[in-house]
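Asks: One structure, pasted below without further comment.
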Amino acid sequence: MDAETKTILENSELFSNMSRANMENILNCSQSRLRKYKAGQIIFSQEEKPNKFYAVISGKVALVKNVALGKKNILCELKEGSVFGEDFFLDREEDYWYDAEAVVNSEILEISLKFFSDMCEEKCICCKQMMRNLLTIITKKEKIILKKVYINSSSNLLTKISIWLVNNADSKGVVKSGMGREQLANYFGVARPSLSRALMKMQEDGLIKVKKDVFYIVNNDKIHEFSE
């Protein structure tokens, strides 16, 4: 890896509070590599046998479950600093049960699972801080997934959208989703026309304004009321 790539990795959450020498030792021992994926490219599919775990260095990745009739359900979207695939080496699953897909052009660090199952004493010393970082990242990811479960626990689409808005809005009531209508419909587990109708109705009722993939909460009190 070149110096610029190592600087990117050094500043990532996975290698935080770690010396460059220890980071380089881990990268060398694990034969890790940084790969670039274009938007829409599959990183792994649910039929593949798990042999790596991954960290999002830049970009965004969606974990997608293919369901009946060619439909997709977006389990969660992971931003820079997140990891994925770790649940399979911890649980020793025989295959992935979801796809991982680059939402935008992304840089992904790939680390062989053998690195974790065959640790020598030297590896353990170098990996101590990395494992702490990994647990922190997994905890954050768990919160993302729990929010998704909470959102989809409601059968009412207005409630789902309201919960999503409340959980993702910044201090000004703005949500930059980074998702198109089809992706957002897959996230909520509904058909695209149903989502479009719901968003149109919410705009007509003065609850929100939508400009492409950016959502503006207009009536904060009502949105919070619907989210409860």
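The values are calculated or read from the model by the stated rules, or taken from the named source; none is laboratory data. Here the structure is a predicted model, which is why all the values come from computation and not from measurement. Methodologically, a virtual Cβ is constructed for each residue, glycine included, from the backbone with ideal geometry; neighbour enumeration extends over all protein chains shown. SASA here: full protein model, heavy atoms, side chains in, ligands and nucleic acids out. Shrake-Rupley method; radii C 1.70, N 1.55, O 1.52, S 1.80 Å.
Asks: Taking Val190 as the residue in question, decide whether it is open to solvent by less than 60 Å² (accessible area, probe 1.4 Å), in a loop (DSSP other than H, G, I, E, B) and closer than 27 Å to Ala102 by Cβ. Steps first, answer last, please.
Replies: Values: open to solvent by less than 60 Å² (accessible area, probe 1.4 Å): yes; in a loop (DSSP other than H, G, I, E, B): yes; closer than 27 Å to Ala102 by Cβ: yes.
So Val190 fits the description; yes.
Asks: Go through region 1-55 and give me each residue that's small (Gly, Ala, Ser), open to solvent by 50 Å² or more (accessible area, probe 1.4 Å) and under 21 Å from Ala102 (Cβ atoms).
Replies: Within region 1-55, the subset small (Gly, Ala, Ser) is 3, 12, 16, 19, 21, 30, 32, 39-40, 45, 55.
Restricting the remaining residues to those that are open to solvent by 50 Å² or more (accessible area, probe 1.4 Å) gives 3, 19, 21, 39.
Within region 1-55, just Ala39 meets the criteria.
Asks: Out of the residues in region 144-155 that are touching a residue at least 12 places away in the same chain (Cβ under 8 Å) and open to solvent by 80 Å² or more (accessible area, probe 1.4 Å), state the one that is nearest to Leu78 (Cα to Cα). Before you say what the answer is, go through the steps one by one.
Replies: Pass one, region 144-155, residues touching a residue at least 12 places away in the same chain (Cβ under 8 Å): 144-145, 147-148, 150-152.
Narrowing further to those that are open to solvent by 80 Å² or more (accessible area, probe 1.4 Å): 147, 150.
Details: Lys147: 13, Tyr150: 17 Å.
Within region 144-155, the match that is nearest to Leu78 (Cα to Cα) is Lys147.
Asks: Then there's this: Select from region 56-86 the residues that are part of a loop (DSSP other than H, G, I, E, B) and open to solvent by 70 Å² or more (accessible area, probe 1.4 Å) and list them in ascending order.
Replies: Pass one, region 56-86, residues part of a loop (DSSP other than H, G, I, E, B): 59, 67, 71, 80-82, 85.
If the condition is that a residue be part of a loop (DSSP other than H, G, I, E, B) and open to solvent by 70 Å² or more (accessible area, probe 1.4 Å), then Val67, Lys71, Glu80 are the ones that fit.
Asks: Which members of region 55-76 meet the condition of being of a type outside the set (A, V, I, L, M), modelled with pLDDT under 85 and closer than 21 Å to Lys176 by Cβ?
Replies: The one that is of a type outside the set (A, V, I, L, M), modelled with pLDDT under 85 and closer than 21 Å to Lys176 by Cβ: Cys76.
Asks: Return the pair list, or none, for Cβ contacts closer than 7 Å from residues in region 1-17 that are of a type in the set (S, T, N, Q) to residues that are open to solvent by less than 70 Å² (accessible area, probe 1.4 Å) and not in a loop (DSSP other than H, G, I, E, B), at least 6 apart or on different chains.
Replies: So the pair list comes out as Thr5/Leu34; Ser12/Ala55; Ser12/Ile57; Ser16/Asn133; Asn17/Gln129.
Listed here are the residues, each with its yes/no results for (1) touching a helix residue (DSSP H, G or I) at 6+ places or on another chain (Cβ under 6 Å); (2) open to solvent by less than 40 Å² (accessible area, probe 1.4 Å); (3) under 25 Å from Ser82 (Cα atoms).
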residue: Thr139; (1), (2), (3): no, no, yes
residue: Glu142; (1), (2), (3): no, no, yes
residue: Leu157; (1), (2), (3): yes, yes, no
residue: Trp164; (1), (2), (3): yes, yes, yes
residue: Met179; (1), (2), (3): no, yes, yes
residue: Ala198; (1), (2), (3): yes, yes, no
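Asks: If you don't mind, another one. When residues of region 193-228 are filtered for being within 19 Å of Val174 (Cβ to Cβ), part of a helix (DSSP H, G or I) and either free of Cβ contacts under 8 Å to residues at least 12 places away in the same chain or of a type in the set (Lys, Arg) (or both), how many remain?
Replies: Counting residues in region 193-228 that are within 19 Å of Val174 (Cβ to Cβ), part of a helix (DSSP H, G or I) and either free of Cβ contacts under 8 Å to residues at least 12 places away in the same chain or of a type in the set (Lys, Arg) (or both) gives 3.
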